[in-house]
Amino acid sequence: MVKFKFLFIVIVLVGCTKAPITNRYQMITMESQEEIALGEKYSKVLLKRAKISDNKKFKEMVHRVGMKIANVVNQEYNRTHYKWAFHIVENQKKSNAFCLSGGKVFIYTALFQYIESDDELAIVMGHEIAHALARHSAEKKTSSSLAKFGNTLLNFLDKTGEYKNPSIPLERKWKQKMNQEAIEKWIMLPHSRTQEYEADRIGLVLSSKAGFNPKASLSFWKKFAKEHKDKPEYLSTHPSSAHRVDKLKEIMPDMMVYYRQSSK
C-alpha cells in the first residue's frame with residue numbers, strides 16, 4: 001500500500017499542468033519532446049502506409065487554412081515550436097482527421113463532402129490542432145496509467161479472504177471485470193468527452209483569431225450529424241452531436257469577438 005501511495009503522490013506532483021486557453025488542470029507525465037518525437041515517428045509510418053492525395057484544390061485549401069491557424073498557435077500559444085506539415089489521405093470511406101504531436105495534420109478526403117468553405121475546413125483543422133496543442137494524447141496516456149493503477153489497487157484489496165473461502169477467487173474475477181468496466185464508463189469515457197469539448201473551444205479560438213468565421217462550426221456539425229448516427233453518449237468517447245452544437249452556441253458570442261478583432 002505504501003508503494004501505491006508513493007507512486008500516486010509522485011504522479012500528482014510531477015504531472016500537474018494546465019491546458020492552454022481553458023486553463024483546465026491536467027495530469028501529464030510525458031515530456032513534451034518525447035511526445036513530439038512519437039508524433040514524428042507515427043507520421044513517417046503513416047506516410048509510408050497511406051495513399052496521399054494529389055488533389056491540387058484540396059492541398060491548396062488545407063495548406064492555406066492550416067498555416068493561418070498554425071501562425072496563431074506559433075505566435076500566441078506554442079512554446080515548443082511545432083514543425084507543421086499538412087497531409088491529405090485518399091480515403092472516401094472514413095471521415096476522419098487528426099493532428100499528431102508536433103503539428104503533423106492528416107485529413108481524409110471523405111471529410112470534404114461536408115466542407116464547402118475555408119471557414120468549415122478551419123473548424124475541422126482548428127479542432128484537431130487543438131488536441132495537439134493541449135497535449136491530449138499525452139494526457140490520455142497518463143490517465144490510462146492512473147486507471148490501471150486504480151484497477152490494480154482495487155483488485156489488490158479484493159484479494160482479502162481469498163484462501164479462507166474457495167469461492168472468493170471466482171467472485172474476485174467478477175469484481176475485477178466490474179472494476180474495469182466502471183473505470184472505463186465513469187472515468188475514461190467522460191474524460192475523453194471533456195477533451196473533445198475542450199478541443200472544440202480551443203479550436204474555435206484559434207480559427208477565429210486566424211480570421212475564420214466560427215459560425216461555420218454550426219453548419220459543419222449539423223451536416224456531419226445527419227450522416228453519422230450517435231451511439232449513447234455515456235458509451236462514447238465523443239459528445240453527442242446535439243450537445244456539441246449546444247456547447248458551440250454557448251461560446252459563440254465570445255468567438256465572434258475574436259473573429260471581429262481578427263479583421264482589424
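Here are the numbers for the structure shown:
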{"read-out": "Long-range neighbours under 9 Å by Cβ, at least six apart or interchain, first residue on the phi > 0 side of the Ramachandran plot within segment 77-104, second of a type in the set (Ser, Thr, Tyr)", "value": "GLY102/SER43; GLY102/THR80; GLY102/TYR82; GLY103/TYR82"}
{"read-out": "Test: residue in segment 38-50 that is within 30 Å of GLU90 (Cβ to Cβ) and not in a helix (DSSP H, G or I)", "value": "yes"}
{"read-out": "Per-region count, segment 81-105, residues crowded, with 16+ Cβ neighbours inside 10 Å and either more than 25 Å from VAL245 (Cβ to Cβ) or over 20 Å from the mean Cα position of the chain (by Cα) (or both)", "value": "13"}
{"read-out": "Flag if ILE88 is modelled with pLDDT of 95 or more and assigned to a strand (DSSP E or B)", "value": "yes"}
{"read-out": "Looking only at segment 198-222, and only at residues there that are more than 15 Å from the chain's Cα centre (by Cα) and among the basic types (Lys, Arg), the one that is farthest from ASN23 (Cα to Cα)", "value": "LYS222"}
{"read-out": "Tabulated pairs, segment 130-153, first closer than 14 Å to GLU34 by Cβ, second modelled with pLDDT of 80 or more and in a helix (DSSP H, G or I), C-beta under 6 angstrom, 6+ apart or interchain", "value": "ALA138/GLU35"}
{"read-out": "From the options PHE112, PHE156, PHE106, residue that is among the aromatic types (Phe, Trp, Tyr), modelled with pLDDT of 55 or more and not in a helix (DSSP H, G or I)", "value": "PHE106"}
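The values are calculated or read from the model by the stated rules, or taken from the named source; none is laboratory data. This one's a predicted model, so the numbers in the text were calculated from it and none came from an experiment. All Cβ positions, glycine included, derive from the backbone under ideal geometry; neighbour counts span all protein chains shown.
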